[in-house]
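Chemist: To start, I am sharing the structure in question, which I have written as structure tokens.
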Amino acid sequence: DLSPGRDAGFAQRWYRRPLRQTGPVIDMPVPASFNDITQDPSLRNYIGWVWYDKEVLLPLRWLQGEPAPRVVLRFGSAHYYSIVWVNGVQVVEHEGGHLPFEADISSVVQGSPGALCRITVAINNTLTPHTLPPGSIQYMADKSRYPKNYFVQNIKFDFFNYAGIHRPVVLYTTPAAYIDDITVTTTSSDSLATVQYQVSVVGSTANSLSLSLLDQEGKVVAAGDGPVGELKVLNPNLWWPYLMHENPGYLYSLEVKLQARLAGVLLQDVYTLPVGIRTVHVTSTQFLINGRPFYFHGVNKHEDADIRGKGLDWPLIVKDFNLLRWLGANSFRTSHYPYAEEIMDLCDAYGIVVIDESPGVGIKLPESFGNKSLQHHLAVMEELVRRDKNRPSVVMWSVANEPASELPPAAHYFKTVIAHTKALDPSRPVTFVTDANYALDHGAPYVDVICVNSYFSWYHDPGHLEVIPLQLTAQFENWYKTYQKPIIQSEYGADSVPGLHSDPPLMFSEEYQQAVLREYHSVFDKKRKEFVIGELIWNFADFMTNQETTRVLGNKKGIFTRQRQPKAAAFVLRDRYWRIANESSCLPPVVTSHSLFL
């Protein structure tokens with residue numbers, strides 16, 4: 001997917017109004033979740049349609065010329081189901097949050113230069129058994145206990161179902177003939193790398209393409225032409241993960257230039273794609289990046305913050321990356337949905353390795369394994385792979401988190417989804433994250449890497465730290481004996497209330513969270529010498545959930561608070577991650593400032 005890199009304008013302030021004007025018009029910032037912006041408790045838990053309106057004045061140069069430019073309206077994401085109108089004309093519908101969608105609005109806006117352009121968006125955050133993530137609406141029929149037509153949205157995942165326009169809305173232009181898509185794959189050896197490319201052009205068959213690969217000094221290191229080909233790079237600078245090389249995250253720039261003739265006019269389009277040269281390979285006991293064993297020592301995260309909810313928050317993003325590097329983390333999983341493109345850009349630049357996960361969380365009901373759900377899941381994977389296929393930081397796709405994979409229909413479901421994902425992108429391994437019993441999991445035979453979640457001494461045998469070594473060791477040995485595939489501990493941890501202390505350690509104290517981590521780490525240190533290839537703490541930071549008796553203002557398993565202050569466990573993890581990194585005898589990179597163009 002080509003994010004807008006041409007002539008672009010940004011829409012930042014919208015008006016939100018409920019369906020049929022049943023409530024007040026609210027000034028609503030974009031990007032942001034709408035839930036926590038006001039003092040209205042009914043809006044915080046609102047389920048149904050909301051409407052956004054925005055008027056913009058387009059530059060005249062966008063609306064004139066022969067042939068006129070193509071004008072595109074692009075949404076980074078909106079949760080969950082969206083219908084978009086421009087000047088009263090419906091231009092696009094999209095099902096699903098967390099991924100971009102766009103519409104060519106040229107024919108709607110180019111007939112009225114100088115007039116305001118009105119953009120209207122209707123968004124419905126209702127989740128059904130066939131959405132990703134799934135959910136269900138439950139009507140409460142007992143009129144002695146509930147008001148008329150009272151209902152609740154049931155979900156099977158443990159984070160708050162924030163809604164709204166969560167990522168930037170952009171208007172941009174291209175020529176009438178334009179570069180539509182670029183696909184890049186790379187191979188490498190010590191002295192030679194190959195960058196294979198495929199470029200699609202829309203709007204003209206009479207065109208020519210030229211490509212130049214530039215290093216970070218702006219020097220052209222390889223050049224080519226045509227829509228399909230390969231570039232040879234001598235003595236390449238490979239893309240390495242953070243703490244695995246003294247110069248991590250090395251990116252080349254692939255400059256693609258199109259010249260096309262349309263209606264007798266010569267048109268030009270240029271797109272520059274960051275390219276990292278790296279390879280990924282999985283054996284029965286190792287995960288290899290550029291032929292070297294890679295050990296995931298990282299975190300799980302959420303897009304979650306006070307007030308803004310899941311809305312894009314640049315200061316928070318930069319803070320999180322500074323904390324990741326302070327922690328010595330080299331990786332994270334995009335639990336439990338694709339993260340913003342801006343976050344992924346920084347992963348590419350900093351060398352943070354990513355397990356890129358779809359919104360397939362909470363797939364628990366039998367009807368969520370039917371054909372309707374399956375077809376939507378396949379479409380979501382197509383959108384995700386199209387968006388992130390060229391990112392060197394993305395080393396593995398995860399199609400789901402903690403599904404009911406012990407159900408018999410899960411076999412066909414995950415066999416199909418994983419095969420489809422591999423067909424879309426043969427260059428990366430595919431997994432899903434399981435919490436099922438190793439002997440009952442119908443999806444595990446189809447993954448390349450076993451990713452398993454477990455919470456011994458928390459959800460199981462709560463308070464009994466002494467059971468962790470035995471149970472965790474048995475978990476690893478059972479999974480490996482059954483499947484002979486490398487294993488990542490994709491979640492583990494315990495809640496802790498900041499400032500709550502207890503010695504001996506008791507549940508919810510900072511000491512208990514530390515103790516759980518240390519017990520897990522002692523087993524990890526034994527098994528990573530064999531077939532365990534990673535550990536991802538749950539969670540990087542505290543985050544909001546639905547209100548429940550087991551949740552005090554959200555999930556408290558973060559090693560940082562929701563405001564990004566460290567708990568005691570953060571220092572335990574930091575000591576461990578830097579020790580693991582130093583075992584590779586790799587000097588840490590010099591910390592430099594990166595300029596972010598907003």
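The values are calculated or read from the model by the stated rules, or taken from the named source; none is laboratory data. This is a predicted model, so every value here is computed, not measured. Positions of Cβ are generated from backbone atoms using ideal geometry, with glycine treated the same way; all protein chains shown enter the neighbour counts. Ligands, DNA and RNA are excluded from the accessible area calculation, which covers all protein heavy atoms including side chains. Shrake-Rupley method; radii C 1.70, N 1.55, O 1.52, S 1.80 Å.
Chemist: Given the structure, is Gln489 in contact (Cβ under 8 Å) with a residue 24 or more places away in the chain, in a helix (DSSP H, G or I) and either surrounded by 17 or more Cβ atoms within 10 Å (Cβ to Cβ) or aliphatic (A, V, I, L, M) (or both)?
Modeler: When the stated conditions are applied, Gln489 does not pass them.
Chemist: Now a separate question. Tell me which residues, restricted to the stretch 249-264, are open to solvent by 20 Å² or more (accessible area, probe 1.4 Å) and at pLDDT 95 or above.
Modeler: Leu251, Ser253, Glu255, Lys257, Gln259 - these are the residues of the stretch 249-264 that are open to solvent by 20 Å² or more (accessible area, probe 1.4 Å) and at pLDDT 95 or above.
Chemist: Filtering the stretch 154-174 down to residues that are touching a Lys or Arg at 6+ places or on another chain (Cβ under 7 Å) and in a loop (DSSP other than H, G, I, E, B), which residue is most open to solvent (accessible area, probe 1.4 Å)?
Modeler: Lys156
Chemist: Next up: In this structure, is Glu530 farther than 19 Å from Ser331 by Cα, open to solvent by 20 Å² or more (accessible area, probe 1.4 Å) and assigned to a helix (DSSP H, G or I)?
Modeler: Criteria not met by Glu530.
Chemist: Can you name the residue in the stretch 303-361 that is out of contact with any Gly (no Cβ under 7 Å at 6 or more places or on another chain), more than 28 Å from His377 (Cβ to Cβ) and in a loop (DSSP other than H, G, I, E, B) and is also least open to solvent (accessible area, probe 1.4 Å) among such residues?
Modeler: It comes out as Gly328.
Chemist: Of all residues in the stretch 203-225, count the ones that are surrounded by fewer than 12 Cβ atoms within 10 Å (Cβ to Cβ), over 31 Å from the mean Cα position of the chain (by Cα) and either not in a strand (DSSP E or B) or not assigned by the TED database to the domain that holds Ser253 (or both).
Modeler: Counting residues in the stretch 203-225 that are surrounded by fewer than 12 Cβ atoms within 10 Å (Cβ to Cβ), over 31 Å from the mean Cα position of the chain (by Cα) and either not in a strand (DSSP E or B) or not assigned by the TED database to the domain that holds Ser253 (or both) gives 3.
Chemist: Within the stretch 55-69, is even one residue within 29 Å of the chain's Cα centre (by Cα) and either crowded, with 17+ Cβ neighbours inside 10 Å or modelled with pLDDT of 90 or more (or both)?
Modeler: Within the stretch 55-69, none of the residues are within 29 Å of the chain's Cα centre (by Cα) and either crowded, with 17+ Cβ neighbours inside 10 Å or modelled with pLDDT of 90 or more (or both).
Chemist: Moving on to the next point. Has the stretch 177-190 got any residue that is farther than 19 Å from Ile105 by Cα, outside the structural domain of Val86 (by the TED database) and of a type in the set (Gly, Ala, Ser)?
Modeler: Within the stretch 177-190, one or more residues are farther than 19 Å from Ile105 by Cα, outside the structural domain of Val86 (by the TED database) and of a type in the set (Gly, Ala, Ser).
Chemist: Take the residues in the stretch 435-458 that are of a type outside the set (A, V, I, L, M, F, W, C) and closer than 30 Å to Thr183 by Cβ; name whichever of them is surrounded by the most Cβ atoms within 10 Å (Cβ to Cβ).
Modeler: My answer is Gly443.
Chemist: In addition: Scan the stretch 397-422 and report the pairs whose first residue is part of a helix (DSSP H, G or I) and whose second residue is open to solvent by 50 Å² or more (accessible area, probe 1.4 Å), with Cβ atoms within less than 6 Å and a gap of 6+ or a chain change.
Modeler: Ala410/His442; Ala411/His442; Phe414/Tyr446; Lys415/Tyr446; Ile418/Tyr446
Chemist: Looking at (1) open to solvent by 30 Å² or more (accessible area, probe 1.4 Å); (2) out of contact with any Pro (no Cβ under 9 Å at 6 or more places or on another chain); (3) within 16 Å of Ile165 (Cβ to Cβ); (4) among the acidic types (Asp, Glu), which one does Asp104 not meet, given that it meets all the others?
Modeler: Of the numbered conditions (1) open to solvent by 30 Å² or more (accessible area, probe 1.4 Å); (2) out of contact with any Pro (no Cβ under 9 Å at 6 or more places or on another chain); (3) within 16 Å of Ile165 (Cβ to Cβ); (4) among the acidic types (Asp, Glu), the odd one out for Asp104 is (3).
Chemist: Determine which single condition Lys481 fails, assuming it passes every other condition in (1) assigned to a loop (DSSP other than H, G, I, E, B); (2) over 22 Å from the mean Cα position of the chain (by Cα); (3) without any contact (Cβ under 8 Å) to a residue 24 or more places away in the chain.
Modeler: In the conditions (1) assigned to a loop (DSSP other than H, G, I, E, B); (2) over 22 Å from the mean Cα position of the chain (by Cα); (3) without any contact (Cβ under 8 Å) to a residue 24 or more places away in the chain, Lys481 misses (1) alone.
Chemist: Here's something else I'd like to know. Within the bounds of the stretch 116-123, is there any residue that is open to solvent by less than 70 Å² (accessible area, probe 1.4 Å) and part of a loop (DSSP other than H, G, I, E, B)?
Modeler: So far as the stretch 116-123 goes, no, none of its residues is open to solvent by less than 70 Å² (accessible area, probe 1.4 Å) and part of a loop (DSSP other than H, G, I, E, B).
Chemist: Right, something else. Are there any pairs, at least 6 apart or on different chains, whose C-beta atoms fall under 7 Å, with the first in the stretch 233-250 and within 20 Å of Pro293 (Cβ to Cβ) and of a type in the set (D, E, K, R) and the second open to solvent by 10 Å² or more (accessible area, probe 1.4 Å) and in a loop (DSSP other than H, G, I, E, B), and if so, which?
Modeler: Glu246/Cys586; Glu246/Leu587; Glu246/Pro589
Chemist: Of everything in the stretch 491-519, what is in contact with a Pro (Cβ under 9 Å, 6 or more places away or on another chain) and among the aromatic types (Phe, Trp, Tyr)? Give them in sequence order.
Modeler: If the condition is that a residue be in contact with a Pro (Cβ under 9 Å, 6 or more places away or on another chain) and among the aromatic types (Phe, Trp, Tyr), then Tyr512 is the only one that fits.
Chemist: Name the single residue, out of those in the stretch 175-202 being in a loop (DSSP other than H, G, I, E, B) and touching an Asp or Glu at 6+ places or on another chain (Cβ under 8 Å), that is surrounded by the most Cβ atoms within 10 Å (Cβ to Cβ). So that I can check it myself, show each step before the final result.
Modeler: First pass over the stretch 175-202, keeping only residues in a loop (DSSP other than H, G, I, E, B): 175-177, 189-191.
Narrowing the set further to residues that are touching an Asp or Glu at 6+ places or on another chain (Cβ under 8 Å) leaves 175, 177.
On the way: Pro175: 23, Ala177: 25.
Within the stretch 175-202, the match that is surrounded by the most Cβ atoms within 10 Å (Cβ to Cβ) is Ala177.
Chemist: Still on this structure: Have a look at Asp542, Asp495, Asp461 and point out the one that is open to solvent by 20 Å² or more (accessible area, probe 1.4 Å), modelled with pLDDT of 95 or more and either closer than 28 Å to Pro429 by Cα or assigned by the TED database to the domain that holds Ile317 (or both).
Modeler: On the way: Asp542 fails: open to solvent by 20 Å² or more (accessible area, probe 1.4 Å); Asp495 fails: open to solvent by 20 Å² or more (accessible area, probe 1.4 Å).
Answer to the selection: Asp461.
Chemist: In addition: Confirm whether Ser502 is open to solvent by less than 50 Å² (accessible area, probe 1.4 Å), at pLDDT 95 or above and closer than 16 Å to Lys557 by Cβ.
Modeler: Against the criterion (open to solvent by less than 50 Å² (accessible area, probe 1.4 Å), at pLDDT 95 or above and closer than 16 Å to Lys557 by Cβ), Ser502 does not qualify.
Chemist: Just to check your reading of the model, which residue among Gly298, Gly264 is of a type in the set (Gly, Ala, Ser) and outside the structural domain of Thr431 (by the TED database)?
Modeler: Numbers: Gly298 fails: outside the structural domain of Thr431 (by the TED database).
It is Gly264.
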